[in-house]
1. Taking LYS76, is it of a type in the set (Lys, Arg), surrounded by 13 or more Cβ atoms within 10 Å (Cβ to Cβ) and closer than 30 Å to PRO26 by Cα?
2. Consider GLY44 against the criteria (1) assigned to a strand (DSSP E or B); (2) touching a Lys or Arg at 6+ places or on another chain (Cβ under 7 Å): it satisfies all of them except one. Which criterion is unmet?
3. Given (1) exposed (fewer than 11 other Cβ atoms within 10 Å of the Cβ); (2) assigned to a loop (DSSP other than H, G, I, E, B); (3) at pLDDT below 95, identify the lone condition not met by ALA14.
4. Return yes or no: is LYS76 in a loop (DSSP other than H, G, I, E, B), among the basic types (Lys, Arg), over 30 Å from PRO61 (Cβ atoms) and at pLDDT 95 or above?
5. Six or more apart or on different chains, Cβ atoms under 6 Å: show the pairs whose first residue is in the stretch 65-76 and within 20 Å of ALA106 (Cα to Cα) and whose second is surrounded by 15 or more Cβ atoms within 10 Å (Cβ to Cβ) and of a type in the set (A, V, I, L, M).
6. Given the criteria within 25 Å of SER29 (Cβ to Cβ), polar (S, T, N, Q) and part of a strand (DSSP E or B), does THR67 qualify?
7. Can you go through THR110, THR55, THR91, THR38 and tell me which one is within 15 Å of VAL150 (Cβ to Cβ) and in contact with a Lys or Arg (Cβ under 6 Å, 6 or more places away or on another chain)?
Amino acid sequence: MRRATPFALATVVACVVAAGCSSGPPKFSLDNETVDATFACPSGSDNTTYPLHATLDAHNPTSSSVTIQSVTAQLKLAATKGPWLEKIGATYDAGSATFDPASVPAGANTTIKVTVTSACTSDKSIIAPLSYGEYVVDLHVTTSSGSYIVASKNRHRIVAT
């Protein structure tokens, strides 16, 4: 009969311990952010505000409720077509957003609905067949379990009409 050497046993024990400890305790997470696909900015608008809606999925496998303390939004111009006032890469800080619900119970998954106040300008003197800017929307979410930044899976298109 063959016996395992102390080195072999130590290696097996180290592998089992490493595998058991590598995952750690379950953590709160946010993902799957989507935003309104399109907003038609009326001709002649000058920094006119409008509601931009977003949703994101919250997963709370922990044993404690997680409170959503604040949500802010930042839009970054990713693409344009036709004349556009901003350059690609420009960012817009939309500030604080409203959101619901305000907490995610222990062991729950839920969708958080967010409303951002965005703004647009559409110069009525520019005549173009179609002009738009596409934005990636980052939501900055502060919770009782930490701070998170979630980028939109889709882009928000502002169309100058």
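1. Details: of a type in the set (Lys, Arg): yes; surrounded by 13 or more Cβ atoms within 10 Å (Cβ to Cβ): yes; closer than 30 Å to PRO26 by Cα: no.
Criteria not met by LYS76.
2. Here GLY44 clears every test but (1).
3. Only one criterion in (1) exposed (fewer than 11 other Cβ atoms within 10 Å of the Cβ); (2) assigned to a loop (DSSP other than H, G, I, E, B); (3) at pLDDT below 95 is unmet by ALA14, namely (2).
4. no
5. VAL66/VAL104
6. Numbers: within 25 Å of SER29 (Cβ to Cβ): yes; polar (S, T, N, Q): yes; part of a strand (DSSP E or B): yes.
So THR67 passes the test.
7. Among THR110, THR55, THR91, THR38, only THR55 is within 15 Å of VAL150 (Cβ to Cβ) and in contact with a Lys or Arg (Cβ under 6 Å, 6 or more places away or on another chain).
The values are calculated or read from the model by the stated rules, or taken from the named source; none is laboratory data. Bear in mind the structure is a predicted one, so any value in this text is a computation, not a measurement. All Cβ positions, glycine included, derive from the backbone under ideal geometry; neighbour counts span all protein chains shown.
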